[in-house]
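Below is one structure, written out as structure tokens; comments come after it.
The values are calculated or read from the model by the stated rules, or taken from the named source; none is laboratory data. All values derive from a computational prediction rather than experimental measurement. Note: ideal-geometry Cβ built from the backbone for every residue, glycine included; neighbour counts use all protein chains shown.
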Amino acid sequence: MTAQAQLKPVGVKLSSEQRERLNNISRLKKRSAHWLMKEAIQQYIERAESDELFRQETLAGWEEYQRDGLHVTQAEMENWLSSWGTEDETECPACHS
């Protein structure tokens, strides 16, 4: 089966203003409106997937903190970061309860 055979058409309803704006961009970029819509959808999908992964990782981190209480304070982190690039550079602070 070819890649072309796997493609399925999808209808998108746009207001006349949106359609005109899309056509203007299409002319400026010398790309078809179809290409612009596919590109926009692809970028949206990638951004939405990335956002969802970040959300899941954040929730997992919060749940882990709720279980074990391990953390580093903001002051500890700021002290460590301010030591970067100096002769007195310190090790990353250890997590504690």
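Numerical summary
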item	result
Any chance GLN56 is under 26 Å from the mean Cα position of the chain (by Cα), polar (S, T, N, Q) and exposed (fewer than 10 other Cβ atoms within 10 Å of the Cβ)	no
Any pair with Cβ under 7 angstrom, 6 or more apart, that starts in the range 86-97 at a residue that is closer than 9 Å to GLU76 by Cβ and ends at one that is outside any loop (DSSP other than H, G, I, E, B) and of a type in the set (D, E, K, R)	PRO93/GLU76
Meets criteria (touching a helix residue (DSSP H, G or I) at 6+ places or on another chain (Cβ under 9 Å), acidic (Asp, Glu) and surrounded by 10 or more Cβ atoms within 10 Å (Cβ to Cβ)) for GLU89	yes
Filter result (among the aliphatic types (A, V, I, L, M) and surrounded by 10 or more Cβ atoms within 10 Å (Cβ to Cβ)) within the range 9-49	LEU14, LEU22, ILE25, ALA33, LEU36, MET37, ALA40, ILE41, ILE45, ALA48
Helices (runs of 4 or more DSSP H) enclosed by the range 1-94 - at least 3 residues per element that are modelled with pLDDT of 95 or more and not small (Gly, Ala, Ser)	16-29, 33-68, 74-83
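Conditions (1) of a type in the set (D, E, K, R); (2) touching a strand residue (DSSP E or B) at 6+ places or on another chain (Cβ under 7 Å); (3) over 30 Å from CYS95 (Cβ atoms), marked per residue:
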| position | (1), (2), (3) |
| --- | --- |
| LEU7 | no, no, yes |
| SER15 | no, no, yes |
| ALA60 | no, no, no |
| GLU63 | yes, no, no |
